Each structure stands twice: as structure tokens, then as C-alpha cells.
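Okay, structure first, notes after.
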Amino acid sequence: MAVDPSSKRIGWAYYEGGEYQNSGAIIPANFSDAVQKCGETIKELARLDYMVVEDTYLWKNISTLKILERFGAIFPVLAVARFEDVGIFRITPQGWQSKMLGASKKLDRKDRKKLSIIVASDIAGRQIEDDNEADAINIGRFFIYYGKTDK
């Protein structure tokens, strides 16, 4: 499973046996709602070996950083509670974007998000609309192709 937390949405993608299965974006009303919706998503999984979460990189705004860290922790905590032996990994945005999108820092954020949606739509076999869902799909595929990062 791959997770892309943002301050307003939490994108997720589930892979089984290296194959894309499902994905979505959780749009919580508040933190409690986020926990409930992430819990419902985890509850539907029969098995989970690994989870890779995009690392927090927005250091300019401390209040946004706090939201990102809280939202980024929900899925891993719930995953460990349900699947005791799940491996939790973190990946920097630059780590997966350079390989999966061929994107350099020269591309602005808006262009990287558009490119992420195009690549994720191809992986999912359907049009992906949400950039957090797209990023989660690409993070998951990166993890499958390029292996584990630091645990």
C-alpha cells in the first residue's frame, strides 16, 4: 500500500503481488473523520506486507507541517494495529518523482501533478482525477520497481 498525505486529502493505492488493485483519495472533514475513513479502508484489506508513505517536506509553514505529519501517521498506525508484521517505509517526493515521472526539480509543482495523473491513469487503466491518489499510485509502483527504502 502507498500513501500520499496532504493537508486536505490522503491519497492511497493498494497493490497485491506487484499488481495495482485499487486506489482512492480520502477527503476528511477533520482529524477524527480521517482516522475513521482510513480505518475503513484498512479494514477492507485481507493482507498487507508493506506500506510506503511519502515523507513530509513542507518545512515553510509549521501549521501545515503538523497537519501533514498527523495525516501521514494515520494509515501506518492503523496498518500496524491490524497487520502486526507490516513494514513501514518513507520515501521523499524527489526520490519517486525522478524515476516514475522523469521529473526534475525544474518542473513546477503544477506540472509534476499533471504528469503524475497521466502516469497513474495509465497504471490504473482509468482516468485518475485526484493528484493525491495519482501520487499514491506512482509511489506504490516506484516501491515495487525500485525496492525498499529505509525502514
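Data for the structure
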item	result
Answer residue from the range 90-112, given it is surrounded by fewer than 16 Cβ atoms within 10 Å (Cβ to Cβ) and part of a helix (DSSP H, G or I) and is modelled with the lowest pLDDT among those	Arg109
Filtered residues of the range 27-67 (kept if in contact (Cβ under 8 Å) with a residue 12 or more places away in the chain, loosely packed, with under 15 Cβ neighbours inside 10 Å and either of a type in the set (Phe, Trp, Tyr) or in a loop (DSSP other than H, G, I, E, B) (or both))	Ile27, Phe31, Arg47, Asp49, Tyr57
Tally, over the range 11-26, of residues that are surrounded by 14 or more Cβ atoms within 10 Å (Cβ to Cβ) and either basic (Lys, Arg) or modelled with pLDDT of 95 or more (or both)	11
Residues of the range 68-89 classified as closer than 22 Å to Ser7 by Cα, assigned to a helix (DSSP H, G or I) and not small (Gly, Ala, Ser), total	9
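The values are calculated or read from the model by the stated rules, or taken from the named source; none is laboratory data. This is a predicted model, so every value here is computed, not measured. Please note: Cβ atoms are built from the backbone with ideal geometry, for glycine as well, and neighbour counts cover all protein chains shown.
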